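*Asks:* Dropping the structure in here first, questions after.
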Amino acid sequence: MRTFTIIWLGQLVSTIGTYMTEFALIIWAWELTGSATALALVGFFSQLPRIPITLFAGIIVDRFNRKRLMILGDAIAALSTIAILLLYLTDNLQIWHLYLTSAVNGSFGQIQQLAYSTSIAMIVPQQHYTRASSMGSMVHYGSAIFAPALAGSLYPVVGLLGILLIDLTTFTVAIATLIAVNIPQPSRPDADQQVLETLTFGLRYIWNHRGLRALLVTTALFWFAHDLGGAIYDPMILARTDGSAQVLGSVAASAGIGGVTGAVIVSVWGGPQRRINGMLLGFIGAGLSKTVFGLGRTTFVWIPAQFCSSLNFPLLSSAETALWMANVVPEKQGRVFAANALVLQIVSAIAIFIAGPLADRVFEPAMSPGGIATILGSIFSSGSGAGMAVLYVITAISLFLVGCGGFAYRELQELEDIKPNRDNHTI
């Protein structure tokens, strides 16, 4: 676990810097546009290039040095930050620049993330897969605690310029930790395999494994609903609080505290013996918490609801990751994980793309005075953000239903009941 821990620490520092920049840019973009669609498009352009990149990411990760790929991902992200910095200094920064840098970071970030996730099996013992995955969740949620607080307190003093310089410093730390460790490489796949056959290998592998196929279907449904709601999360809060960065930061910090708490629990506990149940219970817990969040109107509801929601994600994500790692041999993980990521990226891109227009053109007008959904005003109130709250609750209930349905999905439940003979999973 020593090598993994060193890499983990570097990524934690880097992610804090990245989240500080993202927080500052979200406020900047909302003040500029006041549009849910504009903010959602930042996420959409981050996801869109991941789809074609993912087709080749598995081949790249299985054939090239994974350590160098991770370093490349951090280097590209650092260059994007430099580009934003220069545009800001010359007073030329515009919203479309965020779309462009998001697309660039999304492209290389997909390869970096795949290289990272497939390296876990090479540096962490199998019995610690769930623990390592939960520590990975801690990177996200730990950063969500400190980044908004740091950005909120430093921004008035150092401005966007100072935040961007801090971000660049953290990238240096991440790259240095990667250079300092050795990451074993798995055996390379057959170089004579046809390109088309190689590209479709992961999808065919999953399709021929009914348990993994069921896992992909279930998680795709969950993440579609999650990302649809997630795309309107920031604009919903900003719209209901007159653009309050303080409230947004407080709620983001509560998400981080909940996530870290959940990650620590799973890291110490090691996760449930039956990982399927852990994942599905996490789905249900997240759905219930997010439903309460969407019904809330103030931080007195949002903060505890967000804490409870984030508490579930280290459990569900670490259990999901451990299921994939336990059922796919290391030398095939790059291509199979890429196939899984490809499907989820397509699903996520669709969800994020439709979220903004649904919020701005359907649900917000419906909840405005004279709108067709004003009957819901007693539950969601009215005014700016009410329509987004209705949409958010619909997605939250969907998460709950996916979790409940998974317990009745026989092929999914059999994923751990029937141990696969890995030697027979050749395509």
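Readers should treat all values here as calculations from the given coordinates under stated rules, not as data from a laboratory. Values in this document were obtained by computation on a predicted structure and should not be read as measured data. Here the Cβ is made from the backbone with ideal geometry for all residues, glycine too, and neighbour counts use every protein chain on show.
*Asks:* Determine the gain in length on full extension of the stretch residue 417-residue 97; use 0.36 nm per residue of separation and subtract their C-alpha separation, reporting nm with one decimal.
*Replies:* Length difference between fully extended and current span is 110.3 nm.
*Asks:* Separate question: In what sequence do 97, 209, 226 fall when counting other Cβ within 10 Å, fewest first?
*Replies:* 97, 209, 226
*Asks:* For the chain, what is the calculated [θ] at 222 nm in deg cm²/dmol (nearest 500), taking -39500 (n - 2.57) for each run of four or more DSSP H residues and dividing by its residue count?
*Replies:* -27500 deg cm²/dmol
*Asks:* Among residues other than residue 222 whose Cβ falls under 14 Å from its Cβ, what is the net charge (Lys/Arg +1, Asp/Glu -1)?
*Replies:* -1
*Asks:* May I ask you to sort 213, 68 by Cβ crowding, counting other Cβ atoms within 10 Å and putting the fewest first?
*Replies:* 68, 213
*Asks:* Classify the range 20-75 as rounded, prolate or oblate, taking a ≥ b ≥ c as the square roots of the eigenvalues of its Cα gyration tensor: rounded when a/c is under 1.5, otherwise prolate if a/b is larger than b/c and oblate if not.
*Replies:* Oblate is the answer for the range 20-75, as a/c is 1.5 or above yet b/c matches or exceeds a/b.
*Asks:* What is the fewest-to-most order of 23, 224, 283 by other Cβ atoms lying within 10 Å of their Cβ?
*Replies:* Final ranking by Cβ density, sparse to dense: 224, 23, 283.
*Asks:* Given Cα pairs under 8 Å that are at least 6 residues apart, what percent is the relative contact order of the chain?
*Replies:* Dividing the mean separation by the residue count of the chain yields 27 percent.
*Asks:* Would you kindly calculate the translational diffusion coefficient of the chain, applying Stokes-Einstein with the Kirkwood radius from alpha carbon pairs, for 20 °C and a viscosity of 1.002 mPa s, and quote it in µm² s⁻¹ without decimals?
*Replies:* The estimated diffusion coefficient comes to 97 µm²/s.
*Asks:* I've got another one for you. Please identify the helices of the chain, taking whole runs of DSSP H, that span at least 20 Å along their own axis as judged from the Cα atoms and have a mean Kyte-Doolittle score of -1.0 or higher.
*Replies:* Span-like helices here: 2-33, 66-89, 95-123, 129-180, 210-231, 245-269, 275-295, 299-327, 330-357, 386-406.
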